[in-house]
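Engineer: The structure follows.
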Amino acid sequence: MTDYTQGAHDTRDAEDIDEYEHVHLNVFGTPLRVLDHGEGCRVWDVDGNEYLDFLAGIAVNSIGYAHPRWVAAVTEQAGKIAHSSNYFATEPQIHLAEKLLKYAQAPEGSKVYFCNSGAEANEAALKLAKLHGRTLCGALPSIGGRPARILALTNGFHGRTLGALSATWKPAIRKPFEPLVPGIEFVDANDIEALRSAFAENNQGKHGKGPVAAVILELIQGEAGVLPLQADYVRDVRRMCTENGALMIIDEVQTGIGRTGSWFAFQREDLTHGIIPDAVSFAKGVAGGFPMGGLIVFGAKNAALFTPGSHGSTFAGNPLGAAAALATVGVIEDEHLIENAEQRGEQLRTEISNCGNPVFSTVRGRGLLNAVTLNRPCAHAIVEWALTQGLIVNAVRPDAVRLAPPLIVSAEEISEAVSILAKVPADLPLDPAN
Ligand SMILES: Cc1ncc(COP(=O)(O)O)c(C=O)c1O
C-alpha cells in the first residue's frame, strides 16, 4: 500500500509541531500543518505550501481569509475601543443585534444576548430553558421534587462546556465527565413517538416527571456527519412544544449566518416546513473568524425571562468582535453570499455525484455545509492525502468527509476541489478505529 503521508511535513512545519506538542494539552491531537496566513479561500503553511480550504476553520471563515473590509473594520475598531465591559454599551454591538434580529425575522420584542463561542451560546439557551421551566412549575424551582426537564436529540452536538456537554449525545465525549447537569434527557432524533412519550411522562400522577421546559436541536446535525433532520419531524416538534408550553431551541451554531443558503437554517422550508423557534443560538461564522456567539430569544415574553444578574460574561458583546461581525454580515449581504452558498452548494453536490470516484457513496447537506459519505471508512486518510494535493477537507466521521468552504467560494474553486477529490485513491488505509 502506498504511504500517502510521505513527505507531508517540511522542515519548519515539523519543528513547530514538535514544539506545539511539548507545550499544549493534548486535547486536539497532532495538528495537520502549521498555518501562516490566508487570502480568500486559500491558506499557506509556514513552509509556503498552498491549500484550497474546504473546511474554513470548521465553518467559521465565512468571508474567507483577510477580507479587506473585515481587516479594515477590525483595525479601525481596535484603534478606537477594543473592550468596554457591560457596564457600558458600544454602537457596534447595538447595530449588530439590530441586524441579527432583522435577518432572523424575529418578532417585535425579541432580544439578543452576545457571548464568545457556540458552547457559551448554548449555555445561555439552557439557562433560558431553566428559567422557563420555573414558570411551568410555578414560583418554586420544582413541585414535589419534579423539576422541569430539557430534551435533547440523539446525535446532537452542542459544545464541550459542562452544560452544553450535558445536551450533547456522543457518549465517548460525555461519559468521562458524568455526572453532568441533571434534568437533560435524550430522545431519538426523527422519532416523533419518542418525543410524545417523553412529553407524556409528566402526566403520570405522583410518579410522573416534571414538565418539559424545552427541546434543543440542530436542524442539520453537523458534528454527527451533516445529517439533516426530517422536515416533518421538525414541524411536529414545533407543534408539540407549543401544545405543551415548551420552548423550541434551535442550535444554529454551525448552520447559521448564511452557511446553509439562508440566514438561518430554520428559514429553509425544506428543513422545517416553515416554523418559528423560541430561541436560536449562533456562533462560528458570525464574526468571520473573531470568537463570537450569541442567542436570539424570540418574542417579548421569552426575552423577559432573563433579568439583570441572571446571566453574563465579561467579553459579551465585545466591540472588536461586534465590529468584525458587522463587517462579516455586511460582506455577506453586499456580495450576495447567501445566494452564492445556495448555488455553489448545488454545484458541489452535483459535481461530487458525477465525479465517478468509487470511494464516494452519497453527498448530503444544504448550501455550503455538506458531507460526502464513503463506501469504506477512510475519512482520516482522505484528509491526509488531500493535504498533500493542496486541499483541506475534514473527517467528520470515519465514513464521511465534511466540505464547508468559505461562502465566497467561486465556481472555479468548487470544480478545482472536486477535481482533486475525484482522484482520491481507492486503497487508502482505513481509519484506526476500524
Ligand atoms: C451545532 C454546534 N453547537 C455548538 C458547538 C460548539 O461551538 P464552540 O466550539 O464554538 O463552543 C458546535 C461546534 O462545532 C456545533 O457544531
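Engineer: Taking only pairs six or more apart or across chains, which ones have beta-carbon atoms under 7 Å, a first residue in the range 302-326 that is within 17 Å of L101 (Cβ to Cβ), and a second residue that is surrounded by fewer than 17 Cβ atoms within 10 Å (Cβ to Cβ)?
Structural biologist: Pairs that qualify, where the first residue is within 17 Å of L101 (Cβ to Cβ) and the partner is surrounded by fewer than 17 Cβ atoms within 10 Å (Cβ to Cβ), are A303/G109; A316/N86; G317/N86; L326/H95.
Here's the yes/no breakdown for (1) outside the structural domain of L136 (by TED's automatic domain parsing); (2) outside any loop (DSSP other than H, G, I, E, B); (3) surrounded by fewer than 24 Cβ atoms within 10 Å (Cβ to Cβ):
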{"position": "E243", "(1), (2), (3)": "no, yes, yes"}
{"position": "I275", "(1), (2), (3)": "no, no, yes"}
{"position": "P308", "(1), (2), (3)": "no, no, yes"}
{"position": "G330", "(1), (2), (3)": "no, yes, yes"}
{"position": "E342", "(1), (2), (3)": "yes, yes, yes"}
{"position": "L348", "(1), (2), (3)": "yes, yes, no"}
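Engineer: Out of S62, S110, I need the residue that is closer than 23 Å to G345 by Cβ and among the hydroxyl-bearing types (S, T, Y). Which one?
Structural biologist: Values: S110 fails: closer than 23 Å to G345 by Cβ.
Only one candidate qualifies: S62.
Engineer: Report, by residue number, each residue of the range 228-245 that is touching a residue at least 60 places away in the same chain (Cβ under 8 Å) and more than 23 Å from the chain's Cα centre (by Cα).
Structural biologist: Answer for the range 228-245, where residues must be touching a residue at least 60 places away in the same chain (Cβ under 8 Å) and more than 23 Å from the chain's Cα centre (by Cα): just G245.
Engineer: Right, next: Among the candidates V409, V396, V401, V363, single out the residue that is more than 20 Å from S62 (Cα to Cα), in the same structural domain as E39 (by TED's automatic domain parsing), under 20 Å from the mean Cα position of the chain (by Cα) and among the β-branched types (V, I, T). Talk me through it step by step, then tell me what you get.
Structural biologist: Numbers: V409 fails: more than 20 Å from S62 (Cα to Cα); V396 fails: more than 20 Å from S62 (Cα to Cα); V401 fails: more than 20 Å from S62 (Cα to Cα).
None of the other options fit; the residue is V363.
Engineer: Which residue is surrounded by the fewest Cβ atoms within 10 Å (Cβ to Cβ), if the candidates are limited to the range 168-181 and must be assigned to a loop (DSSP other than H, G, I, E, B) and in contact with a Lys or Arg (Cβ under 9 Å, 6 or more places away or on another chain)? Walk me through how you get there before you give the answer.
Structural biologist: So the first thing to find is which residues in the range 168-181 are assigned to a loop (DSSP other than H, G, I, E, B), and the list is 168-170, 178-181.
Those left that are additionally in contact with a Lys or Arg (Cβ under 9 Å, 6 or more places away or on another chain): 168, 180.
Details: T168: 24, L180: 15.
The qualifying residue surrounded by the fewest Cβ atoms within 10 Å (Cβ to Cβ) is L180.
Engineer: Continuing with the same structure: With respect to D270, is the statement that it is assigned to a helix (DSSP H, G or I), farther than 22 Å from P406 by Cβ and in contact (Cβ under 8 Å) with a residue 60 or more places away in the chain true?
Structural biologist: Criteria met by D270.
Engineer: Within the range 368-390, track down each residue that is surrounded by fewer than 22 Cβ atoms within 10 Å (Cβ to Cβ) and not in a loop (DSSP other than H, G, I, E, B).
Structural biologist: The first filter runs over the range 368-390 and keeps only residues surrounded by fewer than 22 Cβ atoms within 10 Å (Cβ to Cβ), leaving 373, 375-377, 380, 383-384, 387-390.
T373, H380, V383, E384, L387, T388 - these are the residues of the range 368-390 that are surrounded by fewer than 22 Cβ atoms within 10 Å (Cβ to Cβ) and not in a loop (DSSP other than H, G, I, E, B).
Engineer: Hey, can you tell me all the residues within the range 164-181 that are farther than 17 Å from R397 by Cβ and touching a helix residue (DSSP H, G or I) at 6+ places or on another chain (Cβ under 8 Å)?
Structural biologist: Of the range 164-181, the ones farther than 17 Å from R397 by Cβ are 164-167, 175-181.
If the condition is that a residue be farther than 17 Å from R397 by Cβ and touching a helix residue (DSSP H, G or I) at 6+ places or on another chain (Cβ under 8 Å), then A164, L165, S166, A167, F177, L180, V181 are the ones that fit.
Engineer: Need at least 3 residues that are closer than 30 Å to L391 by Cβ per element, so show me which helices (runs of 4 or more DSSP H) inside the range 29-148 make the cut, counting only ones lying wholly within it. Lay out the reasoning, then the answer.
Structural biologist: Numbers: elements: 56-59, 68-80, 91-103, 118-136.
Correct list: 56-59, 68-80.
Engineer: Can you tell me which of (1) touching a Gly at 6+ places or on another chain (Cβ under 9 Å); (2) of a type in the set (V, I, T); (3) crowded, with 23+ Cβ neighbours inside 10 Å is the one I338 doesn't meet?
Structural biologist: Result: I338 fails condition (3) only.
Engineer: Also, quick follow-up: Here is a list: A304, A300, A323, A327. Which entry is more than 19 Å from the chain's Cα centre (by Cα) and closer than 13 Å to A129 by Cα?
Structural biologist: Working: A300 fails: closer than 13 Å to A129 by Cα; A323 fails: closer than 13 Å to A129 by Cα; A327 fails: closer than 13 Å to A129 by Cα.
Sole residue among the options that is more than 19 Å from the chain's Cα centre (by Cα) and closer than 13 Å to A129 by Cα: A304.
Engineer: Quick one: in the range 202-227, which of the residues that are without any contact (Cβ under 8 Å) to a residue 40 or more places away in the chain and in a loop (DSSP other than H, G, I, E, B) is nearest to the chain's Cα centre (by Cα)?
Structural biologist: Within the range 202-227, the first condition is being without any contact (Cβ under 8 Å) to a residue 40 or more places away in the chain, and the residues that meet it are 203-205, 207.
Still in the list and also in a loop (DSSP other than H, G, I, E, B): 203-204.
Working: N203: 35, Q204: 37 Å.
Among residues in the range 202-227 that are without any contact (Cβ under 8 Å) to a residue 40 or more places away in the chain and in a loop (DSSP other than H, G, I, E, B), the one nearest to the chain's Cα centre (by Cα) is N203.
Engineer: Quick check: is even one residue across the range 235-258 farther than 24 Å from I296 by Cα and of a type outside the set (G, A, S)? It would help to see each step written out before you state the result.
Structural biologist: From the range 235-258, those farther than 24 Å from I296 by Cα are none; that's our starting set.
No; the residues of the range 235-258 include none that is farther than 24 Å from I296 by Cα and of a type outside the set (G, A, S).
The values are calculated or read from the model by the stated rules, or taken from the named source; none is laboratory data. Not measured: the values here are computed from a predicted model. Quick reminder, even Gly has a Cβ in these numbers, built from the backbone with ideal geometry, and neighbours come from all protein chains shown.
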